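To start, the structure under review is shown below, and the notes come after it.
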Amino acid sequence: MSSRGASSLSGGPGKCFAFIDADNVADGFHDAFKHRNLAEDCKKFYSLEILLRSIPASRKYLFSAAPDGQDTHDWLVKLRSEQNFLYRQGRLIEKGRSRKQQGVDVMIAVEALKCAHSRIMDSCILFTDDGDLLPLVSAIVDLGIHTTVVGFGNPAKGDVAREFQDRCDNYVHVGDQILAKSVIDGGRSNSGGNCNKATFESFGRLEVFEDGTNRHALAFDSNGGIYVCDVPTEVMDDFTTYSYQYFAKKDAAFARYRLLQSFFQ
């Protein structure tokens, strides 16, 4: 089935259920920041817990083989106790120094196919990068369930992501816009407004940031806050107003800025 990648996460028609391979998604979430070269102190402003809450589904199944009590899965403990999240526990098998989840793929397949056959869902979202679930996607689509696959893989660069894209109704690559949904409240813009060149230069120490497409002026105040303008200072004048946003925490501003690439799109 032909499909195109999307930059936004939306549910399918009718009643939509989500099936989330939690351990696989957690690894992908971690790698997404590693590939973007974000500093460790910037990563604290992002939360997988918040991202998973943003999935537009009336019921969300969480599948994990992580043992209870693991600090790295505090987010999972919180979500499984919330309304509309249903939790399914797999097993974690240790082989030498490595650990591998067991039974999670089967549980996802069984749960998704039960919902598809009973017609209690009209559409589904499968959040995973696990190629072992490719046959499941084909089966659900053949049953007439509108299927969206969400993954960190880029179809243009990876065989597994490309195969998912070919088999589902809609493939969503978790890029900058979707990752921005995971920003915690403390990492969001505190305020914004308009300024001219003289006003912006009065905000603090100036720098220029290039997001790959455009150049932007940055001003750092004495408290570590950051002002981000939609243009660099060399094109500003005192007779025109320009948009800016202010962040009280420098690290949060950089973290969000690096992912969104531009506040002003």
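The values are calculated or read from the model by the stated rules, or taken from the named source; none is laboratory data. All values reported here derive from a predicted model rather than from experimental measurement. Every residue, glycine as well, gets a Cβ built from its backbone with ideal geometry; the counts of neighbours run over all protein chains shown.
Could you check, for region 61-74, whether at least one of its residues is assigned to a loop (DSSP other than H, G, I, E, B), closer than 27 Å to C168 by Cα, assigned by TED's automatic domain parsing to the domain that holds K114 and touching a helix residue (DSSP H, G or I) at 6+ places or on another chain (Cβ under 9 Å)? Before you say what the answer is, go through the steps one by one.
First, the residues of region 61-74 that are assigned to a loop (DSSP other than H, G, I, E, B): 65-70.
When the remaining residues are screened for being closer than 27 Å to C168 by Cα, the result is 65.
Next, only the ones that are assigned by TED's automatic domain parsing to the domain that holds K114 stay: 65.
In the following step, the residues that additionally are touching a helix residue (DSSP H, G or I) at 6+ places or on another chain (Cβ under 9 Å) were identified as 65.
Yes, the conditions are met somewhere in region 61-74.
Those residues that are assigned to a helix (DSSP H, G or I) and either among the acidic types (D, E) or in contact with a Lys or Arg (Cβ under 7 Å, 6 or more places away or on another chain) (or both), I need them from region 140-170; list them, please.
V141, D142, D159, E163, D166
Find the residue count for region 227-239, including only residues that are in a loop (DSSP other than H, G, I, E, B) and touching a strand residue (DSSP E or B) at 6+ places or on another chain (Cβ under 7 Å).
Residues meeting the conditions: 4.
On the basis of being under 30 Å from K249 (Cα atoms), within 20 Å of the chain's Cα centre (by Cα) and not aliphatic (A, V, I, L, M), does D185 make the cut? Outline the logic, then answer.
Working: under 30 Å from K249 (Cα atoms): yes; within 20 Å of the chain's Cα centre (by Cα): yes; not aliphatic (A, V, I, L, M): yes.
So D185 fits the description; yes.
Inspect all residues belonging to region 154-162 and state whether any of them is closer than 30 Å to C16 by Cα, buried (at least 18 other Cβ atoms within 10 Å of the Cβ) and not β-branched (V, I, T). Spell out how you get there, then give the answer.
The initial filter retains those residues of region 154-162 that are closer than 30 Å to C16 by Cα, namely 154-162.
Add one more test, that the residue is buried (at least 18 other Cβ atoms within 10 Å of the Cβ), and what stays is 155, 161.
Now restrict to residues that are not β-branched (V, I, T): 155, 161.
Looking for residues that are closer than 30 Å to C16 by Cα, buried (at least 18 other Cβ atoms within 10 Å of the Cβ) and not β-branched (V, I, T), one finds at least one in region 154-162, hence yes.
Count, please, the residues in region 171-204 that happen to be part of a loop (DSSP other than H, G, I, E, B), among the hydroxyl-bearing types (S, T, Y) and at pLDDT 85 or above. Lay out the reasoning, then the answer.
Filtering region 171-204 down to residues part of a loop (DSSP other than H, G, I, E, B) leaves 174-175, 184, 188-190, 196, 202-204.
Subset that is among the hydroxyl-bearing types (S, T, Y): 189, 202.
Checking the rest, the ones that are also at pLDDT 85 or above come to 202.
So the answer is 1.
For region 205-219, which residues satisfy the criterion of being modelled with pLDDT under 90 and either of a type in the set (A, V, I, L, M, F, W, C) or part of a loop (DSSP other than H, G, I, E, B) (or both)?
Once the filter is applied, which keeps residues that are modelled with pLDDT under 90 and either of a type in the set (A, V, I, L, M, F, W, C) or part of a loop (DSSP other than H, G, I, E, B) (or both), region 205-219 yields V208, F209, D211, G212, T213, N214.
How many residues are surrounded by fewer than 20 Cβ atoms within 10 Å (Cβ to Cβ), in contact (Cβ under 8 Å) with a residue 24 or more places away in the chain and not small (G, A, S) when one looks only at region 180-191?
4
Residue pairs, Cβ under 9 Å, 6 or more apart or interchain, first in region 80-91 and in a loop (DSSP other than H, G, I, E, B), second among the small types (G, A, S) and modelled with pLDDT under 85. List them.
Short answer, once both residue conditions are applied: G90/A66; G90/G103.
For the list (1) part of a loop (DSSP other than H, G, I, E, B); (2) modelled with pLDDT of 80 or more; (3) buried (at least 19 other Cβ atoms within 10 Å of the Cβ), I need the number of the one condition that G224 fails.
Every listed condition holds for G224 apart from (3).
Just name the residue that is farthest from F254 (Cα to Cα) out of those in region 192-221 that are among the acidic types (D, E) and surrounded by 12 or more Cβ atoms within 10 Å (Cβ to Cβ).
Applying the first criterion (among the acidic types (D, E)) to region 192-221 yields 201, 207, 210-211, 221.
Within this subset, residues satisfying the condition of being surrounded by 12 or more Cβ atoms within 10 Å (Cβ to Cβ) are 201, 207, 211, 221.
Numbers: E201: 19, E207: 13, D211: 11, D221: 14 Å.
Selected residue: E201.
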